[in-house]
Amino acid sequence: MAGVMTVRRIFPWLCGAAVSLAAGGALATQPGRADPGQIGFQTPVTPIAREILRFHDDLLMPIITAISLFVLALLIYVIWRFNERSNPTPSKTTHNTGLEIAWTVVPIIILFVIALPSFALLTNELVIPPADLTVKVTGSQWHWSYEYPKDQGGGFSFDSFIKPENEIKPQDGDIWLLSVDNEAVVPVGKTVVLQVTAADVIHSFIIQSFGIRIDAVPGRLNETYFKAEREGIYYGQCSKLCGKDHAFMPIAFRVVSQDAYQAWLADAKKKYAAAPSAVSVAAAQPAEVGD
């Protein structure tokens, strides 16, 4: 009777776990952000993001699932075969050379199978290709700043803050906790290199649909890149616990056509021309003679 009650308790949990695993493999219906309750990947729109998704879905998940089912089967077999009633006289075996070799060699083989494609993926993520556009990103408590270089048609910078809840307009596509007052804009199909740093504490810059995540560290300039193949607006959030308003510094990139990007550049130059620099640095004082 106790066994029946145990099965009744475990069965709903197993069903819930199966539903969660199935949901985890599903992509978001809205590219650029997660659906409410979603636990899977966001829709990839760059080659790197697709490679990450394939690595997870086609290699890691089958291996993890197979290992989990194998261990579960072993546990069930041990419970059935070696319980006190079925096996009143336990074996005193302490070593089995073949088994010890197997449980050492098999995990090594599995790790080797995982390592080869993971090294290729890491190489593709870390080797920065020639840039069509470079954007400097600075994290601050608690907003992001973007600087477009003058030699690439920019020459301006601006801050990007979360939109207050009372200014969110769902009819205009605004999303609370994700929409910002000033979006970063980039052209579709171009390699965009991001130079990422921070002005105060460590932040983490991440846009899931682009397959990029990189730390923003004060005094250090880290680089990552993406090549968006689809127009739209793509969101991210700081993924470091950077302070009390950590949850309120979203990232928003709008990917547009080349013509629309050129038009935005022209407007942005006028809009941000008189704005102060996104990151202010105190001027050095001249040294006194004898210092």
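The values are calculated or read from the model by the stated rules, or taken from the named source; none is laboratory data. All values reported here derive from a predicted model rather than from experimental measurement. All Cβ positions, even for glycine, are placed from backbone atoms using ideal geometry, and neighbour counts span all protein chains on display.
What the table below lists for this structure:
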| quantity | calculated |
| --- | --- |
| Test set (1) outside any helix (DSSP H, G or I); (2) among the polar types (S, T, N, Q); (3) in contact (Cβ under 8 Å) with a residue 40 or more places away in the chain - residue 94 fails condition number | (3) |
| Among residues of the range 163-192, those that are buried (at least 17 other Cβ atoms within 10 Å of the Cβ), of a type outside the set (Val, Ile, Thr) and within 23 Å of residue 142 (Cα to Cα), counted | 6 |
| Filter result for residue 51 (acidic (Asp, Glu) and exposed (fewer than 11 other Cβ atoms within 10 Å of the Cβ)) | no |
| Those residues of the range 181-192 which are assigned to a strand (DSSP E or B) and over 19 Å from the mean Cα position of the chain (by Cα), in sequence order | 185, 186, 187 |
| Segments classed as strands (runs of 3 or more DSSP E), wholly inside the range 193-234, with at least 1 members that are buried (at least 17 other Cβ atoms within 10 Å of the Cβ) and of a type in the set (Phe, Trp, Tyr) | 203-207, 222-226 |
| Extreme residue, surrounded by the fewest Cβ atoms within 10 Å (Cβ to Cβ), among residues of the range 254-270 that are touching a strand residue (DSSP E or B) at 6+ places or on another chain (Cβ under 7 Å) and under 15 Å from residue 152 (Cα atoms) | 258 |
| Candidates 119, 226, 158, 210, filtered to the one that is among the hydrophobic types (A, V, I, L, M, F, W, C) and not assigned by TED's automatic domain parsing to the domain that holds residue 250 | 119 |
| Condition met for residue 220 (assigned by TED's automatic domain parsing to the domain that holds residue 150, in contact (Cβ under 8 Å) with a residue 12 or more places away in the chain and touching a strand residue (DSSP E or B) at 6+ places or on another chain (Cβ under 6 Å)) | no |
